[in-house]
Amino acid sequence: MKRSPRPFGRPADAQAGVTLIEALVALLIMSFGMLALVGLQGNMRRSADLAKQRSEAVRLAQQDLETIRSFSELVLPAEAAEHVRAFAQIADLKRVGAGDPESNASFTLNRVLAQRPGEPLSVQVTVSWEDRAGAIQQVIMGSFITPADPRLSGSLAIAPEGDPSRRPLGRHLTIPPTAKDLGDGHSVFKPPATSSGVAWVFNNLTGRIVKLCQLPDHGVGTDQITLEDVAAYCSTVSNSYLLSGAVRFSTGATASSEQALSPALPLSLAIITAGTSKPPAPPPHDCFSNAPLSGPVEMPEGVGYYCAVYPNLDGGAWTGRLILNGIALGHAGYRICRYSADYNGDETISNVEHPLDYVDVNGSLTRQNFLVVAGSQSCPAGRLPSPADGLFYDSKTVVHQEKL
């Protein structure tokens with residue numbers, strides 16, 4: 001049977017030649033790719049070796065520095081045990097070994113010590129080695145070592161007491177600044193009150209009220225109270241806390257939480273049962289203020305108040321709501337606001353941030369401030385701190401008391 005000739009296209013042998021050329025070109029391209037992979041693998045291996053060597057060099061340098069720091073005496077005693085090291089022997093300490101025996105490099109350690117009179121010892125440790133490519137690599141670590149008696153480090157195991165922050169006048173932050181330091185770790189403070197001999201003694205470290213005083217001479221000021229007065233007229237109490245702040249007034253046609261300069265009104269303060277579920281009874285307390293007996297009276301700084309709270313819970317904490325009495329509430333009277341905001345940004349109003357109800361308070365609270373506005377006005381929303389504008393506090397207020 002005859003095969004008919006192909007009507008179109010090239011002969012079969014011509015097509016076979018083209019296919020062979022394409023295969024050779026693909027093989028050439030693949031060969032270049034394989035060569036690139038071989039080079040990449042070589043670089044990766046060298047980088048891995050260098051990383052391992054550098055890690056070992058860092059370990060050797062750190063080990064040598066820690067060996068230098070591990071002295072237990074400043075000067076070696078006459079009959080010291082074999083393992084005892086002294087600061088004075090640092091220069092004679094042997095260098096650490098040459099690294100991991102399974103490493104593919106040999107390490108050389110060099111230590112340089114320098115010390116000037118009255119200054120710490122300067123230490124510089126250099127670890128050198130030759131990498132796979134024959135290049136010299138090195139790691140340099142330095143430190144300062146003070147010739148301090150190692151026995152002083154035992155003080156680090158002693159837990160700090162009280163508030164670790166910087167203390168005004170060297171005592172707890174919550175103690176009123178006008179309190180008199182008695183010089184025995186305590187301060188005494190006489191709250192503002194008319195015809196009262198009440199005074200409180202604070203522990204300078206914890207800020208707690210530790211003694212209640214009833215002075216026979218009501219005219220004695222805080223600065224006149226002596227240790228002899230405390231011994232004669234003060235009795236010890238436990239778990240007693242201070243609650244203090246200011247009441248400001250902005251009772252004009254426009255309420256302002258920043259420019260609260262309206263005259264002060266007569267008022268009193270009390271702690272009542274909190275509005276929480278199954279709240280405990282309000283704690284015993286004594287509150288004093290410098291509010292006018294009749295008013296209004298110009299008081300640019302507002303009314304300052306101080307309450308001594310005596311917790312009645314087993315855990316030494318108290319729960320309750322602080323309110324202002326003696327101020328007429330309602331649209332024709334006044335509305336009482338409180339300065340309160342999420343100052344620390346944790347999305348909650350904690351006891352120190354002046355909530356409506358205090359819950360489980362186990363310390364003294366200060367700067368629990370109020371603002372009295374006209375009953376027809378809303379509590380000012382205030383502003384965030386803006387030092388450039390002279391505002392250094394969050395002036396936000398919220399409703400605390402109003403007549404519904």
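Readers should treat all values here as calculations from the given coordinates under stated rules, not as data from a laboratory. For clarity, every value in this text was computed on a predicted model and none was experimentally measured. Cβ sites come from the backbone with ideal geometry, for glycine too, and all protein chains shown count toward neighbours.
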Rounded to the nearest 0.05, what FRET efficiency is calculated for residue 108 and residue 135 with R0 set to 22 Å and r the Cβ-Cβ distance?
-> 0.90
In degrees between 0 and 90, to the nearest 10, how far off the longest principal axis of the chain does helix 12-69 point, with axes built from Cα atoms?
-> 50 degrees
Candidates for Cα Rg over 2.2 N^0.38 Å are [x] 1.84; [y] 1.17; [z] 1.04, and the calculated one carries label [x]
Please work out the Cα center distance from segment 248-322 to segment 50-82, rounded to the nearest Å.
-> 62 Å
Using the Cα centre as the reference, give the magnitude of the dipole from point charges on the C-beta atoms of the chain (Lys, Arg: +1; Asp, Glu: -1; all else neutral), rounded to the nearest 20 debye.
-> 1800 debye
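Assuming 1.002 mPa s and 20 °C, estimate D for segment 271-331 with Stokes-Einstein, Rh taken as the Kirkwood radius over Cα pairs, in µm²/s. Before the final figure, lay out each step's value.
Working: Rh = 13.9 Å.
Result for D is 155 µm²/s.
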Could you tell me whether segment 39-146 comes out rounded, prolate or oblate from its Cα gyration tensor? Rule is a ≥ b ≥ c as square roots of the eigenvalues, rounded for a/c under 1.5, then prolate if a/b exceeds b/c, otherwise oblate.
-> prolate
Once Lys and Arg get +1 and Asp and Glu get -1 on their Cβ, which of 31, 145, 18 lies farthest toward the positive end of the dipole of the chain?
-> 18
The FRET efficiency for residue 157 and residue 30, from their Cβ-Cβ distance with R0 = 51 Å and rounded to 0.05, is 0.15
Rounded to the nearest 20 debye, dipole of segment 239-401 from Cβ charges on Lys, Arg, Asp, Glu | 400 debye
List every residue whose amide H lies under 5 Å from the amide H of residue 269, counting only residues 5 or more places away in sequence or on a different chain, with H placed 1.01 Å from N in the peptide plane.
-> 325
Name the residue farthest towards the positive end of the dipole of the chain from the options 294, 57, 135, assuming +1 on Cβ of Lys and Arg, -1 on Cβ of Asp and Glu, about the Cα centre.
-> 135
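Efficiency by 1/(1 + (r/R0)^6): what FRET value for residue 273 and residue 238, r their Cβ-Cβ distance, R0 = 35 Å, to the nearest 0.05?
Values: r = 23 Å, r/R0 = 0.66.
Once the sixth-power term is evaluated, E becomes 0.90.
Would you mind telling me the antiparallel percentage of the DSSP bridges in the chain, rounded to 5? Each step should come with its number before you reach the end.
Values: 62 of 69 bridges.
So the antiparallel bridges amount to about 90 percent of the total.
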As a check on your grasp of the helix formula, calculate [θ] at 222 nm for the chain: sum -39500 (n - 2.57) over DSSP H runs of n ≥ 4, divide by the residue count, round to the nearest 500.
-> -6000 deg cm²/dmol
